[in-house]
Amino acid sequence: MAINLKALTDKEARFVGGHRLCAGCNEGTIVRQVLLAASDYEVAVLNATGCLEVTTSVYPYSSWKVPWLHEAFENAAAAASGAEAAYKALKRFGELPADKKIKFIAFGGDGGTYDIGLQALSGALERGHSFLYVLLDNEAYMNTGIQRSSSTPPYAWTTTSPVGAAIPGKVQPKKNIVEIVAAHGVPYVATASPSHYIDLMNKVQKALSYEGPTFLAVYSNCNRGHRNPTELSIAVSRMAVETNYWPLYEIEQGKYKITYKPRQPKPIEEWLKMQGRFAHLLKPESKPLVEQLQKWIDEKWELLQKKEEFSKTL
């Protein structure tokens, strides 16, 4: 069932303003969308250390109007596993009503998901714990100084992949975390962007309808690390989708479905030129690197469409 935005306008906000997130940061927008889409459920949030955690829980203040637990950088998924297991045990022993339903939502950044938290996430997925893991993908370790992660795209500037005579930014490809998660055989995996908020909120509701682990990878522009004006954060997110750099799709019970197809995909230069981290790619001598990026994106998009077509035969 499609999200009913009108009905949701009367719902109480579960994530409120007054936090210390940077102006223009997409993380607050994404969290508001996720928790609003989850309005029909009691929820408990597990939050890995990172930008979202340190800016929303400065004692004695909190932006969270739901039960919320701060976890270490690497173990949000493990904490979600423990919380969900404890919840089931309490119901089993009669400490909680048998009909009580709580949904667990974990938030983690790319550093705490692609890299340092991957082992905990994989273990939780393999064991089949019932929770939604929301990846806030800002493509670097932003909270600790804009260091590269395995989510950082090729040729992006970071403080640990500086642009110069030796390297043109990060030289390794971006890890495909969605396919890694899907390979665990979980019931629902999807990508989303706050620029396409109805798509995002529909996917949250679909993910929460399942028992078992589900995963949502959300593109999260960081104007501080991506080097773009604060007022362009949603525009940059939208362009990531329109260029097919960040395609919107879902993998439900192993079947692929593209949930948004740009009518006329824009060249990757349109996205690159919006961000200072790619300024070096706009120079004439960097044209071969841009062509490589475009080729990588086109091949990914073509493969995704083939997977969708194949899924229709299953």
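The values are calculated or read from the model by the stated rules, or taken from the named source; none is laboratory data. Everything quoted here is computed from the prediction, not taken from an experiment. A quick note on method: Cβ atoms are made from the backbone with ideal geometry, for glycine too, and the neighbour counts reach across all protein chains shown.
Quick check on my filter: what residues within the range 240-273 are under 20 Å from Asp298 (Cβ atoms), in contact (Cβ under 8 Å) with a residue 40 or more places away in the chain and of a type in the set (A, V, I, L, M)?
Matches in the range 240-273: Ala240, Val241, Leu248, Ile258.
Surrounded by 22 or more Cβ atoms within 10 Å (Cβ to Cβ) and in contact with a His (Cβ under 9 Å, 6 or more places away or on another chain), is that true of Pro213?
Values: surrounded by 22 or more Cβ atoms within 10 Å (Cβ to Cβ): yes; in contact with a His (Cβ under 9 Å, 6 or more places away or on another chain): yes.
Yes: the conditions hold for Pro213.
I'd like to verify a number: residues in the range 175-190 that are closer than 13 Å to Gly128 by Cβ and either of a type in the set (Asp, Glu) or out of contact with any helix residue (DSSP H, G or I) (no Cβ under 7 Å at 6 or more places or on another chain) (or both), how many?
Final tally of qualifying residues: 2.
Residue check: is Leu125 assigned to a strand (DSSP E or B), on the phi < 0 side of the Ramachandran plot and either modelled with pLDDT of 95 or more or buried (at least 23 other Cβ atoms within 10 Å of the Cβ) (or both)?
Here the answer is no, as Leu125 does not meet what is asked.
So, in the range 90-111, of the ones that are out of contact with any strand residue (DSSP E or B) (no Cβ under 6 Å at 6 or more places or on another chain) and not in a loop (DSSP other than H, G, I, E, B), which residue ends up surrounded by the most Cβ atoms within 10 Å (Cβ to Cβ)?
The extreme case among them is Lys91.
Which pairs turn up if I take residues in the range 5-21 that are outside any loop (DSSP other than H, G, I, E, B) and look for partners that are modelled with pLDDT of 90 or more with beta carbon separation below 6 Å, at least 6 apart in sequence or on another chain?
Short answer, once both residue conditions are applied: Leu8/Leu36; Phe15/Val31; Phe15/Arg32; Phe15/Leu35; Phe15/Ser63.
Can you name the number of the only condition in (1) assigned to a helix (DSSP H, G or I); (2) on the phi > 0 side of the Ramachandran plot that Gly212 fails?
It fails just one condition, (1).
Return yes when Ser130 is surrounded by 15 or more Cβ atoms within 10 Å (Cβ to Cβ), more than 26 Å from Cys22 (Cβ to Cβ) and in contact with a His (Cβ under 9 Å, 6 or more places away or on another chain) and no when it is not. Step through it out loud before you land on a result.
Working: surrounded by 15 or more Cβ atoms within 10 Å (Cβ to Cβ): yes; more than 26 Å from Cys22 (Cβ to Cβ): yes; in contact with a His (Cβ under 9 Å, 6 or more places away or on another chain): no.
So Ser130 fails the test.
Just the residues that are within 14 Å of the chain's Cα centre (by Cα), part of a loop (DSSP other than H, G, I, E, B) and touching a residue at least 40 places away in the same chain (Cβ under 8 Å), please, taken from the range 170-206.
Hits for the range 170-206 are Lys175, Ser193.
Scan the range 69-89 and tell me whether some residue there is of a type in the set (Lys, Arg), part of a helix (DSSP H, G or I) and surrounded by fewer than 21 Cβ atoms within 10 Å (Cβ to Cβ).
Within the range 69-89, one or more residues are of a type in the set (Lys, Arg), part of a helix (DSSP H, G or I) and surrounded by fewer than 21 Cβ atoms within 10 Å (Cβ to Cβ).
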